[in-house]
Amino acid sequence: MMSTTAKNLIILLILVAGMVLWVGYSQRFSKENKLSYEPNVACLKGSPYGKILALAMQGSIDFYWHKGSSHEHAEVLADGDHHHDHDHYHHDHDHDFYTLTEDHGEKSNRTLKPSEHVGKHLDVKKREPLRVRATKIIRKMAATAHRRTDDKQLTTAHKKYLQGVTEDKLELAYKLDPSNYTNYGNYHLFIVTTNYGRSAANDDAALKLAHETLVYCKSDQLDPASYVTAASAAYNVIYHIGRHHERYSIADAKTSLAEFDHCIKRHKEILALAVEEGRITSEIRYREMAERIRYLTKLREAQGKYMKRVMATKMTSNKIKTTK
């Protein structure tokens, strides 16, 4: 029969061996990023429904980003008090007089009096559908519930709370649709800025985000908008290398510039194919992508000149070192 001491010793050895194995493999799995768990509830992330939700989240993100002072909410709250004036200025750009048009299409010489204009405006308002009126009421209730009630400085605890909420919402919106130009740009900007009293920006996290976005967007060969976001991420890589040029080689700089140029080229190719196949029918969307590409291209040209100058200086210094 084995003694009690021997049994306890064996149990202790097994526990110690188990702990050693657990610590060893946990460190290994942690380095390989095998312990991270990011659930994709209902497969929303990256799906068409996720893209719609990502767009819908931009309003609430704007509210928290601006610390409770949302421009959209301000407009809704002012709508009830100045609704007539707002409509008046958008009704006709000629504020001196209003002319009535008869049924047969000819203009009348009679000037519409201000009182008649107000009466006519109220009649139109009364005929608003119930759905429209209900929507306005709900929007006003939401704006009232979320607006700031004082202009005092935010406390440190409140700033940290807003920072956490904003970061969570930005991260979720990005994960729902990494190819969304606005959501990627907002999330990247949040990481590289020092809002809410943060001591320093996280440049390494921003660079990692840019590379991940590049890989994701380049996998989409159907939507030209994905390559607009890819170009934005590629520019952020260029900017990072230019800012920390002492840590990068000339080859790294050339590769980053070539990556951006490739994104622009692929965007144009996919866009031409999408227009030819009738998948791009919105002129607004077409113009929006064109403006973003034009803006990013100007940034790339300016940053390219800067990097060329910096890398030329680095080449000169390297030659001096080798000759010594």
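Laboratory data are not the source of any read-out in this text; all were calculated from the coordinates shown. For clarity, every value in this text was computed on a predicted model and none was experimentally measured. For neighbour counting, all protein chains shown are included, and Cβ atoms are generated from backbone atoms with ideal geometry for every residue, glycine included.
Summary of values
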| quantity | calculated |
| --- | --- |
| Footprinting exposure proxy for Met311, Met19 (fewest neighbouring C-beta atoms within 10 Å first) | Met19, Met311 |
| Sorted by Cβ neighbour density within 10 Å, fewest at the top, the residues Thr4, Thr182, Thr193 | Thr4, Thr193, Thr182 |
| Net lengthening on full extension, Ala272/Asn202 (0.36 nm per residue, minus Cα-Cα) | 21.4 nm |
| Sorted by Cβ density within 10 Å, fewest first, the residues His262, His245 | His262, His245 |
| Net lengthening on full extension, Ser3/His211 (0.36 nm per residue, minus Cα-Cα) | 68.8 nm |
| Label-point gap, in nm, between Lys305 and Asp168 - each point 7 angstrom along Cα→Cβ | 4.6 |
| Among the listed pairs Lys265/Lys305; Lys31/Lys314; Lys169/Lys208, those beyond 23 Å (Cα-Cα) | Lys31/Lys314 |
| Spin-label pair Leu12/Thr313, simplified geometry with 7 Å Cα→Cβ offset, distance in nm | 6.5 |
| Simple label model, 7 Å out from Cα along Cβ direction - Ala290 to Gln221, nm | 2.7 |
| Theoretical FRET efficiency, 1/(1+(r/R0)^6), r = Cβ-Cβ of Lys298 and Ala134, R0 56 Å, to 0.05 | 0.80 |
| FRET efficiency, 1/(1 + (r/R0)^6) with R0 41 Å, evaluated for Ser282 and Tyr161 via beta carbons | 0.60 |
